[in-house]
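The values are calculated or read from the model by the stated rules, or taken from the named source; none is laboratory data. If you're wondering where the values come from, they're calculated on a predicted model, not measured in any experiment. Don't worry about glycine lacking a Cβ; one is built from the backbone with ideal geometry, like all the others, and counts go over all protein chains shown.
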Amino acid sequence: MLTAQMDVEDVVHEIMTDVRWLETYLTIQAKVVNKELLRLGTIPATVVKQVRSQKTQNEWTVLHSITKRTQRFPSIIYYTTLQNEDGIYVYNPIITEDAVYVVVLQPHVFRRYRERLALDEKLKTSQLIRRYMKQNLDGQFMPAGQHNDEPSNALCIKEGVVLGNFVGEQVYLGRTFITYDMAHEGRQADTFYEGDEKRSQLKMQATSARDVIKRSRETERVTHETEQEQKEKK
């Protein structure tokens, strides 16, 4: 199970272990969920499931979403959370065609998300997180200059930008949220605009059985590499 004391390598290994289990579980459950989406009879439509990994006992929230009538397969996004003394941390794996990333969102991200989108103060943090995930099904990483003399990055999503940095090859630590109109004129605004354009053209979730196989193979590769690194440490 995830803990606040885990180092980057352990986090990647833990998440990849769950992703492999989740991909198999979701493939088995696909027909049942698709029927539930159809029964809702609306577009957009979202079915939310809570599942516990049999491998690690982490509890995952899975969102299956249909956003347009021409969509053949639902978009799937999943995340797990960790309650720490300063708030709730969110762990969201993002699987692209050739890489797997773990986006870790600090509590401050959601404080700024609520504030800068003027969302209802009565929303519980868990509801706020679910809203963020439901509204921002895809994203694009972009370089964002320097922050405290370290390379900074931006995760461009539909509603704005999560600013942060990579703390490992695959782990992106999101530290705050801004809207697109808050970007500084010039290079930053141009970078965010480019990121949003790329995001709108790129589907990060699987759209066919072939994509599911590709994603599974990528997570297996990452899991194997992290296991080898842990053995070498010992």
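For residue 163, are the conditions met, namely being over 18 Å from residue 15 (Cβ atoms), without any contact (Cβ under 8 Å) to a residue 40 or more places away in the chain and touching a helix residue (DSSP H, G or I) at 6+ places or on another chain (Cβ under 7 Å)?
no
Scanning the stretch 53-72 for residues that are outside any strand (DSSP E or B) and free of Cβ contacts under 8 Å to residues at least 40 places away in the same chain turns up 53, 54, 55, 68, 69, 70, 71.
Set side by side, the residues 225, 229, 194 differ, and just one is at pLDDT 90 or above and in a helix (DSSP H, G or I), which is 194.
Among all residues of the stretch 116-139, there is at least one that is closer than 18 Å to residue 196 by Cβ, buried (at least 21 other Cβ atoms within 10 Å of the Cβ) and at pLDDT below 95. Is it true that some residue in the stretch 86-105 is out of contact with any Leu (no Cβ under 7 Å at 6 or more places or on another chain), free of Cβ contacts under 8 Å to residues at least 24 places away in the same chain and either within 15 Å of residue 176 (Cα to Cα) or not in a helix (DSSP H, G or I) (or both)? Yes, the stretch 86-105 contains a residue that is out of contact with any Leu (no Cβ under 7 Å at 6 or more places or on another chain), free of Cβ contacts under 8 Å to residues at least 24 places away in the same chain and either within 15 Å of residue 176 (Cα to Cα) or not in a helix (DSSP H, G or I) (or both). Among all positions in the stretch 2-16, there is no residue which is small (Gly, Ala, Ser), surrounded by 18 or more Cβ atoms within 10 Å (Cβ to Cβ) and touching a residue at least 24 places away in the same chain (Cβ under 8 Å).
Could you count how many residues in the stretch 120-145 are closer than 21 Å to residue 189 by Cβ and without any contact (Cβ under 8 Å) to a residue 60 or more places away in the chain? Count: 6.
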